[in-house]
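A quick write-up on the structure given underneath.
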Amino acid sequence: MLSPRRAAAPTRAPVRVFRNDWSALDPPPLANWRPSRSVSLVIPAHNCQPTLDLVLAALRHQTYPSELFEVLVVDDGSDPPIRLPELRPTHCRLVRVADHAAGWGRATALHVGATVSDGEILHWLDADMVVFPEHVAAQVRWHHVSDEVVTLGYKRFVDHGWTITPEEVAERCAAGTLDRLFPLAETAPHEYVERLINDTDHLRGGDHLNFRAHVGATAALARALYEEAGGLNPELRLGEDTEFGYRLAQVGAVFVPEPRARSWHLGPSHMMTRGDALRRYNRPFLADLMPQPRYLRPAANRIFAVPLVVAVVHADGPYELVRTCVDRLLASDLTDLRVVLVANWAELSDDRRSILADPLLERRLLAAAYRSDPRVALAPSAPDTAFPAPYLLELAPHHGVDADTVRRLVAIADEWQAGLVRVLPAGATTPEDAVSLWRTAALSRARRVRRPDEPLDQVVAEVAGRRWVSGDDLGVLDLRTLPAEQWTSPRPRLVVRADRRARRDALAGVETIPVGGIRSLAHATRFVAHRYAGLAADRLRQRVRPRRRSTG
């Protein structure tokens, strides 16, 4: 067993990785380096003794120092029970799920292994994967330079019919010939994952869907990142790696593929042999927990456990004004949205009072209006993050959005992969009066690397980028400029299918401005003011243009 858990003491400020461009990180070379971080490698096991014996024989010959490396085999109810063979790593122990949890399945086994292990780094490995001697070291060296990385190993799939022994695996590992254990031409890569990696410059140029590469084991991450993301979901029987990868993305993880972390996968994957059945099973479970990729969710106006957007509105102002703001949000054609209405609701007691002269009347009316709406939460304070939802939308109670505003805001954020998109309504001149769409992943990372004296939006811009849009382009207005009698709820609208044409329409005619520092912010403010002046002049000319007389 390793020494008790310890947190790595930071020796320097964390490197600020821009989006998923891990090029800024400089890990030590595989040769001639001295690791210092402890690793717990967790293997979920269920009725797999023959392949597990081969896996443990290979792990016995890892180049990572044995005093920093432990292996936990987590028996998930095998019959007969799993046993540890003679050929196994120095620090290897057997854990049984039934002794620690009531559930079952791969996610439960991995989570049990994570909770009872001691290492600073958690490394997943399936019980049918024979890894090369440098496999662990190749991944964990990245974790010596960043606590934000999730490393992804590589595998080659070996078809059925192999006949090898643990002794042969151990001999080849010791001799450095494990790469010749199987003829390369008779094996297959993980095509879907490698295609995604290769098409995105090894994920450096990928987008917010990079987490799709987090499928299958092998992978490694810092224990702190595992805990921040909430750990694996033990209620999922399949697809748990994809769903956990999605949540890792929301906490700002940097996904790093490591080609030198090689392995042989003994037999084809379930997706290779029963892909259609697996996708059919996974879709409703993943759709409920993952707003992305968007194709998971049908166009019907349904409510899911995790929304795409969480909108936050402070209940400050007249009842009709705040109600109009919230109802415009709820009438959006992007229905995958929740509203958090913030106020001190605890003050609303039922003590005797003058009904119409109640000093808390405005708040009491809002509570009555939304207390039964499942898409509105009455909260005492604003959330710091929308996690696990991917977007946090902040509005003032006097902001009014159009039917397609939120959908187009999300489209702009994804088009530019921006961490923050801000919209200035007509007449607004300061960022404080902007509508702000924050990307959860960027917010999570910015909060980890931010210094106490730094503005949060500036750090978000550094790690993910920032854009400004004019409110006139996106249909955002200041409701206070309308007569009070026009503070009314919009009529119901038909849901618009978010297809490719809708995405093009969302971006059509919208000009955005990248903002980095104070000077570019001033430029953005001047741009928006100038644009509004031009639009106002155009409208004035249209109003005073003489109408043609009918000659009829």
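One table, with the values for the structure above:
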quantity: Theoretical FRET efficiency, 1/(1+(r/R0)^6), r = Cβ-Cβ of residue 104 and residue 373, R0 41 Å, to 0.05; calculated: 0.65
quantity: Spacing of the two label points (7 Å from each Cα toward its C-beta) at residue 415 and residue 355, in nm; calculated: 5.2 nm
quantity: Segment residue 433-residue 237, extension gain: residue separation times 0.36 nm, minus the distance between their alpha carbons; calculated: 66.0 nm
quantity: Whole-Å semi-axes of the ellipsoid equivalent to segment 361-448 (Cα gyration tensor, √5λ, descending); calculated: 24, 18, 13
quantity: Inter-label distance, nm, simple model (7 Å from Cα along the C-beta direction), residue 301/residue 281; calculated: 3.5 nm
quantity: Segment 1-142 pair-distance distribution - Cα-Cα, 5 Å bins, rounded %; calculated: 2, 10, 18, 20, 19, 14, 9, 6, 3, 0, 0
quantity: Separation in nanometres of the label points that stand 7 Å from Cα toward Cβ, at residue 344 and residue 66; calculated: 6.4 nm
quantity: For segment 27-33, Karplus couplings with θ = phi - 60° (6.51, -1.76, 1.60), whole Hz, Gly/Pro x; calculated: x, x, x, 5, 8, 6, 10
quantity: Computed lengthening from residue 25 to residue 447, 0.36 nm per intervening residue step minus Cα-Cα distance; calculated: 150.0 nm
quantity: Neighbourhood net charge (10 Å Cβ-Cβ; Lys/Arg +1, Asp/Glu -1) for residue 406; calculated: -1
quantity: Computed lengthening from residue 274 to residue 456, 0.36 nm per intervening residue step minus Cα-Cα distance; calculated: 60.9 nm
quantity: Trypsin sites (Lys or Arg not before Pro) restricted to DSSP loop in segment 289-338 with at most 14 other C-beta within 10 Å; calculated: 302
quantity: Kyte-Doolittle at least 0.5, axis length at least 27 Å by Cα - qualifying DSSP helices, the chain; calculated: none
quantity: From the coordinates shown, log10 I(q)/I(0) by the Debye sum over Cα atoms at q = 0.06, 0.07, 0.08 Å⁻¹ corresponds to which of (i) -0.37, -0.49, -0.62; (ii) -0.55, -0.64, -0.75; (iii) -0.33, -0.45, -0.59; calculated: (i)
quantity: Check: segment 120-208 dipole with +1 on Lys, Arg Cβ and -1 on Asp, Glu Cβ, in debye; calculated: 180 debye
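Read the figures in this text as sums done on the coordinates, not as results from a lab. All figures in this text were calculated on a predicted structure; none of them were measured in a lab. Quick reminder, even Gly has a Cβ in these numbers, built from the backbone with ideal geometry, and neighbours come from all protein chains shown.
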